[in-house]
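Asks: Once you've had a glance at the structure underneath, I'll fire off some questions.
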Amino acid sequence: MVISLYAYLAFLAALAAERMFHLALAARNARRAFAMGAVEHGRGHYPVMAAFHALFLLSAAAEAIVLKRPFPGALGWVALGGALSAQALRYWSIASLGQRWNTRIIVFHGVPPVSRGPYRFMRHPNYLAVIVEVACVPLIHGCWLTALVFSIGNAALLSVRIRAEEAAMGPLYAQEFGDRSRLVPKLPPNLPSSSALSESGGRRVRHTTG
């Protein structure tokens, strides 16, 4: 129990450090985007979202310590696998977006939207990673209460976030990604070629975490 708890708390600390890295990377990318004329949208919900994710890690740690949650055996290992899979999907998304990735909703005109990597199969792979992470990270050490409460809160936040992001991208984004679901991966009937993308100017660029 003690050894697994220390390992779990170390894992949560690593996730907190990762959050700080993401904020620094997002700030750098935002400066570059604004220098190119990008515009930010959805500022109103962003502080709530940032606080939510900070409280999520604190809640998982507090539940494990205060309520003395034991390591749940097979469920814990499955949850760890889910959390690591979410990390893989997140970094695939970040790598695919490159300098366009951000934790904020930042868009600008004149550059085709990114349609490579996981974006070939769904609109918001990074948000799928968040959903899996919020559900799985607490369950690694049996913190089912945090998993339940924050999964419900995350669903509410993402409903606001995704609507704001897709509205900011505009109708041309909807035309490009209309054959892809928001969060369920599927093969689109017609994947655009790289030459078609290079010739499709005048669209807004995806420049967010989604």
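The values are calculated or read from the model by the stated rules, or taken from the named source; none is laboratory data. From a predicted model like this one, the values you see are computed outputs, not experimental measurements. Quick reminder, even Gly has a Cβ in these numbers, built from the backbone with ideal geometry, and neighbours come from all protein chains shown.
Asks: Can you list residue pairs whose Cβ atoms sit under 7 Å apart, with the first residue in region 31-59 being farther than 18 Å from residue 164 by Cα and the second being β-branched (Val, Ile, Thr)? Count only pairs 6 or more apart in sequence or on different chains.
Replies: Note: pairs meeting the criteria are 33/106; 56/134; 59/146.
Asks: Only residues that are in a helix (DSSP H, G or I), within 27 Å of residue 152 (Cα to Cα) and not hydrophobic (A, V, I, L, M, F, W, C): list them for region 26-80, please.
Replies: If we filter region 26-80 for residues that are in a helix (DSSP H, G or I), which is where we start, we get 26-35, 46-66, 74-80.
Applying the additional criterion that residues be within 27 Å of residue 152 (Cα to Cα) yields 26, 46-66, 74-80.
Within region 26-80, 46, 47, 53, 59, 63, 76 meet the criteria.
Asks: Which of the following residues is modelled with pLDDT of 95 or more and not hydrophobic (A, V, I, L, M, F, W, C): 28, 43?
Replies: Details: 43 fails: modelled with pLDDT of 95 or more.
So the residue among 28, 43 that is modelled with pLDDT of 95 or more and not hydrophobic (A, V, I, L, M, F, W, C) is 28.
Asks: Look at residue 4 and say whether it is touching a Ser or Thr at 6+ places or on another chain (Cβ under 8 Å) and either surrounded by 12 or more Cβ atoms within 10 Å (Cβ to Cβ) or in contact (Cβ under 8 Å) with a residue 24 or more places away in the chain (or both).
Replies: Working: touching a Ser or Thr at 6+ places or on another chain (Cβ under 8 Å): no; either surrounded by 12 or more Cβ atoms within 10 Å (Cβ to Cβ) or in contact (Cβ under 8 Å) with a residue 24 or more places away in the chain (or both): yes.
No.
Asks: Regarding residue 42, is this residue within 15 Å of residue 144 (Cβ to Cβ) and surrounded by 14 or more Cβ atoms within 10 Å (Cβ to Cβ)? Write out each step before concluding.
Replies: Working: within 15 Å of residue 144 (Cβ to Cβ): no; surrounded by 14 or more Cβ atoms within 10 Å (Cβ to Cβ): yes.
So residue 42 fails the test.
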